[in-house]
1. Checking Leu345 against (1) more than 21 Å from Leu63 (Cβ to Cβ); (2) out of contact with any Leu (no Cβ under 7 Å at 6 or more places or on another chain); (3) modelled with pLDDT of 95 or more, only one condition comes out false. Which one?
2. Kindly evaluate Ala315 against the criterion of being touching a helix residue (DSSP H, G or I) at 6+ places or on another chain (Cβ under 6 Å) and among the hydrophobic types (A, V, I, L, M, F, W, C).
3. Are there any strands (runs of 3 or more DSSP E) wholly within the range 126-192 with 3 or more residues that are crowded, with 21+ Cβ neighbours inside 10 Å and of a type in the set (A, V, I, L, M), and if so which?
4. Which condition number does Pro389 fail, the rest of (1) under 30 Å from Ala47 (Cβ atoms); (2) modelled with pLDDT under 95 being met?
5. Looking at the range 357-380 only, could you name the residues that are part of a loop (DSSP other than H, G, I, E, B) and either on the phi > 0 side of the Ramachandran plot or not charged (D, E, K, R) (or both)?
6. Taking the condition among the basic types (Lys, Arg), farther than 24 Å from Gly390 by Cα and at pLDDT 95 or above, does Arg135 pass?
7. Across the range 60-78, what is the total count of residues that are open to solvent by 20 Å² or more (accessible area, probe 1.4 Å) and either out of contact with any Pro (no Cβ under 6 Å at 6 or more places or on another chain) or part of a strand (DSSP E or B) (or both)?
8. So if I check each of Ala51, Ala15, which one is out of contact with any Gly (no Cβ under 6 Å at 6 or more places or on another chain) and either modelled with pLDDT under 65 or part of a helix (DSSP H, G or I) (or both)?
Amino acid sequence: MGFPNGRRRIAVAVAALLATVAVAATVYRVLAPAEVVTPARAEYPAAASPAVGVVGRLPVAPLIVDGRLRVYAAHRQVYADRPVDGRHRTTPYWSYRRWPAVLDGVVASGTTVVTRWSDGRLVALDARTGRVAWRADGPAPFRERTVRRTGAATVWDPRGLLVAAAPDGRHVVVAAGAQWVRAVDLADGRELWRSHVTATVPPGDGADAVTRCRDALGTTGSGQVMIVDSCAGPAVVEFRDAVTGAVGLRWRPPGAGDELVATPVGCGTGRTGCAGLRTAGPGDDPGRGWLLGTGAPVAAPALDRPDAELVGGTAVAVVDGVPVGRSARTGAELWRRTGLPPVRLLAVQPDRVHLLTETNDLVTLDPATGAQRSFFALNVGSDGIGWAPGAAYAADGFVAVERLREPVDPTGDDRRYFLTSEPLILAAT
C-alpha cells in the first residue's frame with residue numbers, strides 16, 4: 001500500500017523543507033562570523049638564555065613576546081609557540097582564529113598581544129594563556145596589502161596599529177584607518193579618544209583612489225602620537241597626547257616645502273617609542289634628522305643620512321663599508337669599527353647593532369662603544385650562505401632574517417622569492 005496522493009505531497013514537502021533547513025544550518029555554521037579560541041594547556045614558559053649563535057629556522061616570521069614566546073601571523077589566525085629559542089616551529093601553545101575577517105596587524109606590549117582585523121575589530125589576547133582579554137571596535141584598515149607567506153609585514157611592520165607608553169605608566173593602543181583614528185587603553189580596551197581623518201574619492205575613481213590627508217607615523221618615547229597632517233595647507237607633523245588626544249605641538253621643519261616625507265627612527269617594533277625623526281621633501285630632496293623629546297624636535301645632523309639608525313643616544317651608519325657611531329646630539333664621532341669585512345646595517349635593538357657581511361656573517365656591536373659582542377655565520381643545516389637578506393627583526397637579544405633566493409625577484413611567487421620552505425633564520429646574539 002502507498003500513501004494517498006495528498007499525503008505523499010505533504011511528505012515530499014516536509015522532506016524538502018527539512019533538507020533546506022539542514023543545508024541552511026550547514027551554510028550558517030560554515031560562513032557565519034565566528035571566532036575560535038584555543039587557550040594554552042601548559043604552564044607559561046620561563047625566559048630563555050640561549051647560547052650565542054644560530055638558533056634554528058622557521059617557516060614564518062616570529063614576534064618575540066615577553067622574552068618567552070614566539071607569536072606568528074596567518075591569514076585568519078594568530079598563534080604562539082615555545083620555547084622562544086626552539087630550533088623549529090612547534091605545536092601552538094595557544095591560538096586565536098576569526099572568520100571571515102583577515103588578520104591585518106599584530107603588536108605586543110608586556111604580556112598583551114593586540115590584533116587588528118580587516119573589519120577593524122581589535123582583539124587583545126593574554127600572552128600567558130591565549131585567552132581574550134578584551135574586544136573593541138576600531139577603524140577598518142585603509143587598504144588591503146599583499147603579505148607574503150612569512151607574515152613578516154603583519155608582525156614586524158603592522159600598518160596603522162601602534163602602542164604608546166604614557167608618562168603616567170599607562171599604555172595606549174592607537175588604530176588608524178581611512179576615516180578615523182581611535183585610541184584605547186591597553187589594559188581594558190576602553191576608548192580614550194578618537195579623531196576623524198578626511199578622505200576624498202576623486203570623481204570616477206574607485207575605493208583604491210581614496211586619499212588621506214592625515215597619516216599616523218608612530219609613537220614617541222614621551223607618550224605622543226605622531227601624525228602628518230596636510231588637510232588644511234602645507235604638511236605639518238602633529239604631536240598628540242596618547243592618553244587624551246590633545247594636540248600639543250604642530251611642527252614643520254624650517255624651510256620645508258608644501259609636501260613632507262617623515263620617517264620615524266630609533267623605534268621599537270611597529271614604530272613605537274621612537275626617539276628620532278627624519279624629514280625630507282619629495283624626490284631627491286636631502287633628508288634632515290631630528291631628536292624627539294617633550295618639546296619641539298631638535299636638529300640632529302648625524303641622522304641626516306637615509307641609512308642612519310638611532311640606538312640610545314648614538315647615531316649609527318655604515319660609511320664606505322665601515323660602521324661608525326656618532327653622538328646623535330652633537331655629531332661627534334664616538335667610535336669607528338675598522339678591521340671588519342664590508343658590512344651593511346641589518347637591524348638594531350636598544351643595546352645592540354646588528355651588521356651583515358657580504359658572506360652573511362652576523363656581526364653584533366655595542367652601540368655605545370662599538371665593541372664587538374658576537375660574530376658568526378648565519379648558516380643552518382645544509383642551507384649554505386648563498387642568499388640575500390629580506391626583512392629583518394631584532395628584539396630581546398634575538399635576530400630573525402628572511403633569506404631570499406638570488407637573484408632576488410620581487411615579482412616572483414613565494415616559492416621563487418624565498419630560499420627554502422623555512423626561509424627565516426633565528427639567531428641569539
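1. Failed condition: (2).
2. Considered against the rule, which asks whether it is touching a helix residue (DSSP H, G or I) at 6+ places or on another chain (Cβ under 6 Å) and among the hydrophobic types (A, V, I, L, M, F, W, C), Ala315 comes out as yes.
3. The qualifying strands (runs of 3 or more DSSP E) are 161-165, 171-176, 180-185.
4. Only one criterion is unmet by Pro389, namely (2).
5. Those that are part of a loop (DSSP other than H, G, I, E, B) and either on the phi > 0 side of the Ramachandran plot or not charged (D, E, K, R) (or both): Thr359, Asn360, Pro367, Ala368, Thr369, Gly370, Ala371, Leu378, Asn379, Val380.
6. Yes: the conditions hold for Arg135.
7. Number satisfying all stated conditions: 5.
8. Numbers: Ala51 fails: either modelled with pLDDT under 65 or part of a helix (DSSP H, G or I) (or both).
Answer to the selection: Ala15.
The values are calculated or read from the model by the stated rules, or taken from the named source; none is laboratory data. Fair warning: this is a prediction, and the values are worked out from it, not measured in the lab. Counting neighbours? That spans all protein chains shown, and the Cβs are built from the backbone with ideal geometry, glycine included. Side chains included, ligands, DNA and RNA excluded: accessible areas come from the protein's heavy atoms. Shrake-Rupley method; radii C 1.70, N 1.55, O 1.52, S 1.80 Å.
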